[in-house]
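Data first, discussion second: the structure below is written as structure tokens.
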Amino acid sequence: MRQFYFNLRLVNLIVLLGLFLLNDSCKSGKRNQEGKEVGLEDFLTEEDIFDDIDKAKKIFYSLPSPLETAMLIKSAGASYNETVLNDLNNVEKYSTNKSKALNLGIYTTDLSFACLFDQAQTSLKYMDATRQLATEMGISDAIDEETMRRLEQNLNNRDVVMDIISETFLNSSSYLKENDQQEVAAIVLVGGWLEGLYIGTQMVGSGPTKGNKLVDRIAEQKLSFSIVERMLQDNKKNQLGEENRDIVELINELHSLKSAFANIEVQTSAIKVEDEDSSHVTLLKSQTKINVTPEAFAELKTAVKTLRNNYVQ
Amino acid sequence: MKNFLPYIVTLAILSSCSIVVNAQCKGFAKKLCKLELTGYVHDGNYHAAILTEGEEAELYKTFYSGQNYRLAICGSEALPPIEYQVVDSYRNVLFDNKQHSMNSTWDFKLESSQQLKILVKVPVSEKKTEFPSSGCVAIMFGFQDK
């Protein structure tokens, strides 16, 4: 009888182990709902002994990071204006997980923006704000004492400061993703991307929208918006099938942005690959047609401002 | 409660193994793969996962005109060289590292902004082993400060 119970417990343990492994494989097995666009036929010609391996794909969505966002705004001709950044005093206001995550992204974009315009003291203050939020979110390792010391010692060296920002963002996003908080990492990214959109739209003057490089750059964010949507949809439910309320809320809140982008036309042609130049950089030649009427831009600017101001309050 | 103890202990051990493996993946991306971006600024995004021989991954990203980008795709030592393709929304293959000596990096710039898809595959090793190998695969992007 004892042997029977022992066997039963052993079987249960194996079943439990199987369920655990199944759960783990499901985590990396999120399939793209629209993954039929491009096949991997070229990769699948080999016949081999491992044919029974699960071919489920891991899907990644990559948004412009705060650093890339700030770079895009700067390269489009924006000038530095500190008044558009989120007030540092607001850092004390964020009490919910969603507001902390959104504003970690927002402050990181502000920090990147200040850094790219060589605003040393402002960069230091914004790094301090991001550190405070990261600590409150349990990611204190992302920006430690050593990081702050290194930043202070290299404040006038933009390359080092950019490297520090990149590393701290990598630390916080890797921590969140590897501790089953992918949805929080997604919210941080959306916050950072939205702040870039806010800074960009605020920088556009009263001139015509046609031929304005910054307006075109902002319109092109329609391409990234589709990635935002997919990323949030993918993170809407956890592994147990439970809805994440913060993500559902965010999806609903972004409807105004979706409507505004719907009035902006961005069409891209197929790409022609041009051989590498002397610096071994391949040029991808294509054309993009962008049509933004002043009314459509005004609608987008209002939608972005309303959303962003709701999040920083 | 006593009856559940073996399960709890087993789950705790397995969970801690998973955390250790993930932490190694983060360290791999940060300390090894990031080196492939030398000369470029890493954007700070983290895209890495444990993949097994035969497994595939896809990444979607918008790339902007006027920027010089470097794409780096690295696999840990346990894995054979990683295969990858970059395709546009018209399904044109823009880059296939099998045609370029299995290069782990690709430098490119765009005349106009485009959404691209990166298809990654861990090929099956030619070495006959009892179990397929697993390891960390990281996809990283760098750009140049102008």
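None of the figures in this text is laboratory data; all of them are computed from the coordinates on show. Everything quoted here is computed from the prediction, not taken from an experiment. Cβ atoms come from the backbone with ideal geometry, glycine included; neighbour counts cover every protein chain shown.
Worth pointing out:
- Estimated FRET transfer efficiency when R0 is 25 angstrom, pair A:ASN179-B:LYS98 (beta carbons, to 0.05): 0.10
- Between the beta carbons of A:ASP275 and A:THR302, assuming R0 = 51 Å, the FRET efficiency works out to 0.70 to the nearest 0.05.
- Per residue of peptide A:73-86, the mean number of Cβ atoms on other chains within 10 Å of the residue Cβ is 1.
- Three-way shape label, region A:109-246, alpha-carbon gyration tensor, a/c 1.5: oblate
- Cα gyration tensor, region A:176-313 - rounded (a/c under 1.5), prolate or oblate: oblate
- Structure note, pairs A:LYS177/B:LYS26; A:LYS125/B:LYS61; B:LYS61/B:LYS121; B:LYS30/B:LYS98; A:LYS74/B:LYS109: Cα-Cα distances above 21 angstrom occur for A:LYS125/B:LYS61; B:LYS30/B:LYS98.
- Shape call, region A:93-158: gyration tensor on alpha carbons, a/c limit 1.5: oblate
- Equivalent ellipsoid dimensions for region B:74-130 as semi-axes, Å, which come from the Cα gyration tensor, largest first: 27, 11, 9
- Per residue, the average separation of C-alpha pairs within less than 8 Å and at least 6 apart gives region A:200-313 a relative contact order of 28 percent.
- For residues of B:78-89, the mean tally of beta carbons on other chains within 10 Å: 3
- Counts of other chain beta carbons within 10 angstrom of each beta carbon in peptide B:59-71 average 6.
- Net length available on complete extension from A:LYS237 to A:ASP118 is 38.7 nm, with 0.36 nm assigned per residue and the Cα-Cα distance removed.
- Reachable aspartates and glutamates from A:LYS272, criterion Cα separation under 18 angstrom, eight or more residues apart if same chain: B:ASP88, B:ASP96, B:ASP107, B:GLU111
- Packing-based order for A:131-138, A:83-90, A:107-114, using average beta carbon neighbours within 10 Å, highest first: A:107-114, A:131-138, A:83-90
- Ignoring aspartates and glutamates fewer than eight residues from B:LYS128 along the same chain, the ones with Cα atoms less than 13 angstrom from its Cα are A:ASP48, B:GLU53.
- Ordering B:84-97, B:102-115, A:283-296 by mean Cβ neighbour count within 10 Å, with the highest value first, yields B:102-115, B:84-97, A:283-296.
- Residues of type aspartates and glutamates that A:LYS58 reaches as a straight line, Cα spacing below 13 Å, ignoring anything fewer than 8 places off in the same chain: A:ASP24, A:ASP234, B:GLU55, B:GLU56, B:GLU58
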